[in-house]
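For reference, the structure discussed in these notes is given below.
The values are calculated or read from the model by the stated rules, or taken from the named source; none is laboratory data. Given the structure is predicted, the values throughout are model-derived calculations rather than measurements. Here the Cβ positions follow ideal geometry from the backbone for every residue, glycine too, while neighbour counts run over all protein chains shown.
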Amino acid sequence: MKRVALVCLAAFGLFAVGCKDNVKSTRTFRLPEGNAVNGQAAFVSLQCIRCHSVAGVDLPPPTAPALKTLALGGKVARMRTYGDLLTSIIHPEFALSDARSPEQQAKLLTSPMRSFNRVMTVQQLIDLVAFLQPSYSQLEPLYVMQENGIP
């Protein structure tokens, strides 16, 4: 029950804190610093390893049968912000629907990722983001690579 209350409190904070003109703004919302070591432990204990690998991180094999694996981290064209990662964990359908046409959105029922909002603590969420965010690195723009003689 305590976990549910903490997750609800965090979700409320995401929506309730904001500026006067836009009450849904999260501009001033801040979570405390997370612990990457604890985040990796949460990644394993919540069985994220069943569907995800993380670039540059050796993780134990999943204890349950692995599903389709989606790699997290690595070189990306657009860096994943703290907010991107939080949203992807607590509302995975958001990123899916944002990238699809209205017709595709109508067909999209749910993300294959199960909801962790009732089983994960707010601290686990914060720690997961602290673990995942450093695994991403920015790709160099093409013109910088070409200036350095890289085709």
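Assorted remarks:
- Subset of the stretch 22-35 (residues that are at pLDDT 90 or above and buried (at least 16 other Cβ atoms within 10 Å of the Cβ)): Gly34
- Within the stretch 71-80, one or more residues are exposed (fewer than 10 other Cβ atoms within 10 Å of the Cβ), at pLDDT 80 or above and closer than 21 Å to Tyr136 by Cα.
- Count of the stretch 42-64 residues which are exposed (fewer than 15 other Cβ atoms within 10 Å of the Cβ), part of a helix (DSSP H, G or I) and among the small types (Gly, Ala, Ser): 1
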